[in-house]
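Bear in mind these aren't lab numbers, they're just calculated from the coordinates by the rules spelled out. Please read these numbers as outputs of a predicted model, since none were measured by experiment. Virtual Cβ from ideal backbone geometry, glycine too; neighbours counted across all protein chains shown.
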Amino acid sequence: MIVGMITGQSVAVEADAPAQLGATDQRTASGRPRGAARAASRRRADGRGPWGRSGPADKRGAFGRSSAPARSAGGRVATGRRDPGAGARGRGLWRGDKRLGASGPRIPVTVCSRVFAVLLFAGLLLVTDAVPAGAGTPRRGGTLTLANRADPPAGFDTMFTSSIALHHVGGALFGPGNLVKRSRDDFYTVAPYLALRWEHTPDFKEWTFVLRSDVYWHDGTRLTAADVKFWLDLVFFGVRSGQRVRPPAYFARELGDAVAVEIPDPRRVRITFSHRNAHFLQILANPRFKIAHPRHLMEPRIEAGDVMVSPLDVGLVGVGPFRIERYRRGSLVRVERFDRYFERDRYGNRLPHLNRIDYVTMPDPFAMDMAFRGGRLDGGARGQGHFLSSERVAAYERELGDAVFFARSDGGNFRLAFNVLNEGPWQDSRVRRAIALWIDKPAAIPAALGGFGWTTPSIGPGDIDVPTEFINWPRYDTAPLEIRRAEARRLMEEAGYGDGFTMGHLTRAIMPEGGEFLKAQLAGLGVDLELQIVDEGEWNRARVSLDYDSQQGRLTPSPIPEGTESVYGRYEENPDAYSKHDDRTLDALYRQLRDSVTMEQRIEVWRRLSRYLFYEQSYIVPVAESIDVVPYRADVRGLVVPPEDMHTHTDFATVWLER
C-alpha cells in the first residue's frame, strides 16, 4: 500500500502489478470498483480496542457483487461474499453502547502508482496494508508476551491440523498466508503474499502464479518455484516412499481436484484442475493453509523413507516475519525478528516491528487471567475455553480499567455433529432431526458460550458487521420451542426410540460447558449423552477418527461457501469434517457450487446445500454462533483484528509496543 492525496484526504492505494501498468481502475463484473476502491472492512486496535472500553474506527464499505474473480492479473480480489449496497453503514468508536465518532467518507481511488509497481515487479518491495488510523508512528523493538492455549500439535504441521494452538504461533513463523493472504485492510479481499500476481485461463481450470524474488527461508535459503511446487504436491497428492504413505493435506479437497502442478519457469508455478475453480483464490487465502515445509530440508528425509517428517523435525524453518529462537515443549515458544523478511509498512520500514514474541503455554484459562492481570502477559490466548466470557471481561475491566482492551470477532458455530458411520440410532435422519428440534438454542449463549453469541432468528451478530448472504442455518426451526419439541417427540416415536437411547459425545476438557449444556438439554428427550472428556492430544487425534458417536466444537469455516467442504464434506475425502458421513449428494452440491458463475447462483446452490446438510439430513445441528473475545494491554498497537475467524492475522508483523 502507498499513500495518495485526493481532495485533501489521505487514502490507501493498491500498487498495480506489472500486467496492470496504465490501468486506472479495477472493477468487478458488476461494475463496482475493486480492491482499494472498496472501503476497508478492517477491525484494528489503535491501543484502545474495537470493543469494551473505546476502540478504533471500524470502516466497512460496500462490497461489489462479482460474478467471478477478476481476470486481470494480481491486485486484490474480493471474495464476493457481501453486497450491502446503499445499506452499507459506517462504524465508529464505541464506549459501552455510545458511539463516539463516525467513520470517514468512502472515496473511490483511481490512482495508479507506476513507481511502486516497478518495484513490485523487480521483487524489491511489498508494502503492507496501512497501519491503524491514529496509531502513531510504530516503534521498533520490544518483546510481546502472549498466552498460547496448548503446545502446538502435529509437529507444527499445518497440513494435518487446524488447531489454533498451532496457528496462533504459526502466523509468526510461517507467515499470514501462502501465495496469497487475507488483506489486513479488508478481511474479505484477497491480497498478494508470496506471489506478486496471478492469472487464470477463461475456464478457471488453470492458475499461474508469479512469485516474489526476495523471500527467504529462515536458514537463508531463497524460496523458489520448486519450493512452492513441493508444498502443493504434498497438499494435493501426498507422497509415497516404498510402503510408507503420507496422505494429502486435510484441506486438499477444499482447494479443488488438482491434476498437475508445474513450473513453467523459475518464477512461476502453474496449477491445473480437472474442473472449473473460479473461487480458488478465496479458498487459498485461508490462513490455516500455511507453507511450513522447506523442500531443501524435507525432501531428502522423505526420499529416505521418512514421509511423515514434520516442520518440527527440520527445525521450524519458515518464511514468516519471525524465526524460531527457542522451543520448550509444553512451556514456551520464543520467536525473534527475521531480518530478511520482505514486507514493509506504509512508511517503508521493514517488518516486523517487534524484536521478539514469547508464547507461553497456558492450558488453564484462569491461570492466563491471573498472569494477564498480574502484568506478565500482553495478550491472551486464542481458542475456545480461553476466549473470555462476560464474567471474565467484567473482572478485567474492574481491575485494569483503561489499561486493557478487548479484540472481538465473530467466532465459530457451536454445533452438535453426528458420526453416522458408527452404528446407532443417530443413523436415522428422524432421530437427528428430533435432536435438532429439541435444543433450546438461545439458552446456549449464557450456558455454553460465556454470554457472548447469537442464534436463531438473528441473521448475523448485529454489532459486528459481517456479510450475511451465505448465512442460512438460523432460518430453520423458527417455530416456538414447545411446538418444536412436540414434533421432536413424534419423530422419536416414529423412529422407534420413544424411550430414548445412549449416545457417546467427544468433549474437550478445556471447554466442557458445551457438552454439559447438550447433555442437560437432550435428557428431556430421553437421550443420555455420555460425555467422553479428553485432553487436547486425544482431541486432535479423535476429531479425525471414527471412534466417537458425536462431537461438538466451535471451529470457524471459510467465509465463502466454496471453502467449507473440508468441514462439511464426506469423511473419506475430508477427515477433519465435523460430521462423519459418506453422502455423495454433498459431493454433487459442492461441484455445482464450484461451477456457479454469478453471485445469485452461488447463493441459491449454497441455500440448497445448507438445507440438505443442516435440515433435511441434520448431519450437523448448528446451535449458536460464538463471539470471541481476547484481552490485550492498551500499549499493544498495530494489532489487526479480523471481523471473523481469529486464525487470521496471527503473524503480528504490524504490532508494536508503546512503552
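If the segment from Glu658 to Glu616 were pulled out straight at 0.36 nm per residue, it would be longer than the present Cα-Cα gap by 9.8 nm. The value of relative contact order for region 154-314, using C-alpha pairs under 8 Å at least six residues apart, is 30 percent. Placing a pseudo-label 7 Å from each Cα along the Cα-to-Cβ vector at Asp402 and Ala226 gives an inter-label distance of 5.8 nm. Add +1 for every Lys or Arg and -1 for every Asp or Glu among the other residues with Cβ under 13 Å from the Cβ of Thr455, and state the total. Local net charge: 0. Remark: spin-label model distance Met370-Asp547 equals 3.1 nm, labels positioned 7 Å along the Cα→Cβ axis.
Considering only beta bridges that DSSP places wholly inside region 410-627, some 55 percent are antiparallel.
Cβ-Cβ distance of Ala495 and Thr468, R₀ of 35 Å, FRET efficiency by 1/(1 + (r/R0)^6): the value works out to about 0.55. Note: relative contact order over region 410-627, using C-alpha pairs below 8 Å and six or more positions apart, is 36 percent. Cross-link reach is defined here as a Cα-Cα straight distance under 16 Å, omitting same-chain residues fewer than 8 places apart; for Lys290 the aspartates and glutamates meeting it are Asp157, Asp227, Asp233, Glu254, Asp645, Asp651. Between region 180-256 and region 313-359, the C-alpha centres lie 21 angstrom from each other.
In this simple spin-label approximation, Thr137 and Ile603 carry label points 7 Å from Cα along the Cα→Cβ vector, and these lie 4.8 nm apart. Take the Cβ atoms of Arg329 and Asn349, set R0 to 41 Å, and the FRET efficiency comes out at 0.75.
Calculated FRET efficiency, Asp535 and Asp265, Cβ-Cβ r, R0 60 Å, to nearest 0.05? Rounded to the nearest 0.05, the efficiency is 0.80. Amide hydrogen proximity for Ala260: with H placed 1.01 Å from N in the peptide plane, the residues at 5 or more positions away or on another chain lying under 5 Å are Thr272. Computed packing ranks the peptides 145-155, 439-449 as 145-155, 439-449, most packed first, by mean other Cβ atoms within 10 Å. Oblate is the label for region 281-366. Its Cα gyration tensor axes, ordered a ≥ b ≥ c, give a/c of at least 1.5 and b/c at or above a/b.
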